[in-house]
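This report concerns only the one structure given below.
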Amino acid sequence: MWHTSAVRSDGRDEELHRALDEAHLRAGRWLDSLASRPVRAAADAAAVVAALAGATGERLPERGLPAVDVVARLADAVEPGLVASPGPRFHGWVIGGTLPAALAADWLTSAWDQNAGLVATSPAAAAAEHAAARWLLDVLGLPAGASVGFVTGGNQANFACLAAARHAVLARCGWDVERDGLQGAPPVTVVASAERHVTIDIALRYLGLGAGRVRDVATDGQSRMLPADLRRVLDGSVGPTIVCAAAGNINSGAFDDLAGVVELAHARDAWVHVDGAFGLWAAASPSTRHLLQGADGADSWATDGHKTLNVPYDSGFAIVADPAAHVGAMGSSAAYLTQSAADVRDPFDVAPEFSRRARGFATWAALASLGREGVAELVERMCACARRAAAGLDAVPDVEVANEVVFNQVVFRVGDDDERTRAVGAAVCRSGDAFVTPTTWKGRAGMRLSVSGWRTGADDIDLTVAAVGRAVAATRA
Ligand SMILES: *Cc1c(COP(=O)(O)O)cnc(C)c1O
């Protein structure tokens with residue numbers, strides 16, 4: 001039976017509490033195991049599909065199960081397929097863990113089950129996003145008047161920001177793109193690094209701007225846009241223009257010369273968008289802040305909560321300097337729904353979703369638990385761990401670090417050999433001792449090591465380097 005209705009006279013629902021207690025127990029066990037369990041998943045997806053079928057039968061049961069049994073069976077079936085990505089030696093892609101306060105706040109978010117679309121549906125959710133947004137702008141060194149949309153991640157943040165950009169550059173030509181669409185509109189030119197993140201292309205596809213129409217800017221050896229080439233491309237561009245720059249290249253971690261980009265672009269009335277999914281957080285530390293010099297002069301910024309800040313999935317922020325452009329692109333015209341207090345915006349006016357999860361609680365909790373100093377220390381520790389990894393890897397015979405480590409990203413190669421590089425990366429992951437991911441950078445195979453989790457310390461980096469060393473030795477002829 002799906003619910004036994006064991007509600008006591010004081011309102012306590014015994015079945016609900018049994019399910020929550022089981023979840024609490026399972027969560028604690030998982031979190032306690034992160035440092036010692038193999039980093040990779042023990043089971044592949046097909047095995048987990050089979051385990052789920054084993055837990056309940058393959059067909060949807062005719063009669064539902066008690067909640068506590070559902071939780072236990074789910075956890076038993078899927079746990080072998082979990083990756084210890086919140087753990088200390090997971091360095092794949094760019095994936096953060098979850099800070100304790102953010103995790104607990106996220107549990108409450110589910111329990112509270114608020115619809116964060118409107119101030120009216122949850123004054124608390126809107127207020128938490130409002131308060132967290134002020135802190136975000138402060139810690140990221142961005143203009144205090146900017147609007148912040150709470151979205152699922154960098155992809156949606158790029159989308160919302162570029163929608164605001166599309167709105168603004170066409171409005172300047174007298175074109176209302178929200179009303180009239182792109183058919184017959186003045187052509188919009190998008191200028192971006194040849195090594196932009198793929199989600200910029202995805203956003204341009206969603207926006208009808210065409211990923212294939214981007215005018216590429218050539219890059220230097222560290223994947224930064226070449227200022228001279230940006231100037232050349234801009235000189236050849238007429239009409240409404242959007243420039244996409246990067247704060248943190250996905251491979252090298254390098255930052256475009258943002259002050260230079262802003263100056264060149266604004267001289268031509270172009271909009272500047274910064275994809276800073278993980279790198280925008282360099283602003284939080286005095287030791288890395290210089291990487292973002294001039295970033296505050298851009299028009300929009302995309303960043304993640306679930307990477308550097310270590311908020312649970314999913315969490316991203318679409319930040320726009322001119323709230324009118326942001327609301328112009330994302331806002332619901334259904335003004336009758338809106339009863340917001342004067343200074344707290346309806347969250348759905350700056351995000352692609354209508355009804356959605358109240359992501360502000362976990363972000364607020366993460367920032368409150370760290371404080372300004374804690375955010376700086378988190379960023380500094382990630383950078384120090386990346387530098388330690390690079391130094392350690394460079395000392396392994398046959399291993400070469402391919403990038404200048406300016407932030408949290410390290411790219412390494414083995415024996416100047418694409419095949420051996422891939423084999424070593426795969427062996428490290430198979431070992432369960434650490435996890436790195438393959439990439440292709442500058443036309444060559446590389447393994448990417450990202451330090452994005454709050455749990456990673458110097459000792460973990462040494463263990464990861466040792467795991468690479470063993471894998472390299474095993475491939476030595
Ligand atoms: C991760 C990432 C994205 C996409 O963010 P998601 O949170 O995965 O949607 C965009 N740009 C860069 C540079 C990234 O690292």
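Could you run through the range 301-334 and say how many residues are more than 16 Å from the ligand (Cβ to nearest atom) and surrounded by fewer than 24 Cβ atoms within 10 Å (Cβ to Cβ)?
11
Take the residues in the range 135-146 that are among the hydrophobic types (A, V, I, L, M, F, W, C) and not in a loop (DSSP other than H, G, I, E, B), then tell me which one is nearest to the ligand (Cβ to nearest atom).
The extreme case among them is LEU136.
When only residues in the range 157-216 that are of a type in the set (S, T, N, Q) and either away from the ligand (no atom under 16 Å from the Cβ) or free of Cβ contacts under 8 Å to residues at least 40 places away in the same chain (or both) count, which is surrounded by the fewest Cβ atoms within 10 Å (Cβ to Cβ)?
GLN183
Is at least one residue of the range 113-135 under 16 Å from THR303 (Cβ atoms) and more than 19 Å from the chain's Cα centre (by Cα)?
The answer is yes, given that some residue of the range 113-135 is under 16 Å from THR303 (Cβ atoms) and more than 19 Å from the chain's Cα centre (by Cα).
Out of the residues in the range 183-203 meeting the condition of being touching a Phe, Trp or Tyr at 6+ places or on another chain (Cβ under 9 Å) and of a type in the set (A, V, I, L, M, F, W, C), tell me which one is farthest from PRO352 (Cα to Cα).
The qualifying residue farthest from PRO352 (Cα to Cα) is ALA185.
Identify, by number, the condition in (1) within 16 Å of the ligand (Cβ to nearest atom); (2) of a type in the set (Lys, Arg); (3) buried (at least 19 other Cβ atoms within 10 Å of the Cβ) that ARG356 doesn't meet.
Failed condition: (3).
Is at least one residue of the range 281-288 buried (at least 23 other Cβ atoms within 10 Å of the Cβ), closer than 14 Å to VAL406 by Cα and within 13 Å of the ligand (Cβ to nearest atom)?
Among the residues of the range 281-288, at least one is buried (at least 23 other Cβ atoms within 10 Å of the Cβ), closer than 14 Å to VAL406 by Cα and within 13 Å of the ligand (Cβ to nearest atom), which makes the answer yes.
Restricting the first residue to the range 271-283 and requiring it to be closer than 15 Å to ARG196 by Cβ and part of a loop (DSSP other than H, G, I, E, B), which pairs with a second residue that is within 11 Å of the ligand (Cβ to nearest atom) and charged (D, E, K, R) meet a Cβ separation below 7 Å and a spacing of at least six or different chains?
Listed by first residue and then by second, the contacts come to ALA277/ASP304; ALA277/LYS307; PHE278/ASP304; PHE278/LYS307.
Do we have ALA376 as on the phi < 0 side of the Ramachandran plot and buried (at least 21 other Cβ atoms within 10 Å of the Cβ) here?
no
Can you tell me which residue within the range 247-270, out of those that are under 21 Å from ALA171 (Cα atoms) and part of a loop (DSSP other than H, G, I, E, B), is nearest to the chain's Cα centre (by Cα)?
If we take residues in the range 247-270 being under 21 Å from ALA171 (Cα atoms) and part of a loop (DSSP other than H, G, I, E, B), then ALA270 is nearest to the chain's Cα centre (by Cα).
The numbers here are math on the coordinates, done by the rules we state, and not lab data. Just so you know, these numbers come straight off a predicted model, no measurement behind them. Counting neighbours? That spans all protein chains shown, and the Cβs are built from the backbone with ideal geometry, glycine included.
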